[in-house]
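Here's the structure, in structure tokens; my notes come after.
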Amino acid sequence: IEHARRPAPPSRAACRLVRRYFAALSGHHYRAYRLLLSPGWRARQTRAAFDARYGAVTETAVALRSIAPISSGQLAVRVSYIRHQRHSRGKSCADWQSLLRLARSDGGFQLTSASTRPARACQKHHT
């Protein structure tokens, strides 16, 4: 029974990629971020765009909500998190949700796309 609760290998590999992805974003590690992307998506992600989008951002309370197969060798992963952002007016935060698409690659996964959206402004205790 204990083994039945453990995620299947694709789920563990997907969880590893999600952890590494959010660590790269919050740590502002462009090179680590690029290594997680599929070659097609990697080619479109410049250092300037990464810095503009994530340079003043930290994500916390990352929670994997679901993992579902979408085609052979591909998974859709739903994630929620709190995004804290520094800007000229101070700091803000919001609860966000992302749908990450992953494709099998060399025994693991690579990120092929991500769609993100804010869910709502943070409650007072998150700030």
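The values are calculated or read from the model by the stated rules, or taken from the named source; none is laboratory data. Note that this is a predicted model, so its numbers are computed, not measured. Cβ sites come from the backbone with ideal geometry, for glycine too, and all protein chains shown count toward neighbours. Heavy atoms of the whole protein, side chains included, go into the accessibility calculation; ligands, DNA and RNA do not. Shrake-Rupley method; radii C 1.70, N 1.55, O 1.52, S 1.80 Å.
Points to keep in mind about this one:
- Coupling constants for segment 92-101 follow from the phi torsions by the Karplus curve (6.51 cos²θ - 1.76 cosθ + 1.60, θ = phi - 60°), and in residue order they are 9, 8, 8, 7, 10, 9, 10, 10, 9, 9 Hz; glycine and proline get x.
- Share of carbon and sulfur in the accessible area of the chain stands at 51%, probe radius 1.4 Å.
- Comparing Arg89, Arg31, Arg65 in a Gaussian network model of the chain where C-alpha atoms under 10 Å apart are linked, the largest mean-square fluctuation is found at Arg89.
- Accessible-area value, Ser88, 1.4 Å probe, nucleic acids and ligands omitted, Å²: 120
- Note on His29: accessible area approximately 100 square angstrom, rounded to 10, probe 1.4 Å, nucleic acids and ligands left out.
- Relative contact order of the chain, defined on C-alpha pairs under 8 angstrom at six or more residues apart (%): 20
- Sum of -39500 (n - 2.57) over DSSP H runs of 4+, divided by residues of the chain (222 nm, nearest 500): -9000 deg cm²/dmol
- Largest first, the residues Arg42, Arg20 sort by 1.4 Å accessible area into Arg20, Arg42.
- Mean accessible surface per residue for the chain, computed with a 1.4 Å probe while every protein chain stays in place, in Å²: 63
- Asp51 exposes around 70 Å² of accessible area when a 1.4 Å probe is run over every protein chain in place.
- This model, with +1 at the C-beta of Lys and Arg and -1 at the C-beta of Asp and Glu, gives segment 32-127 a dipole about its Cα centre of some 300 debye.
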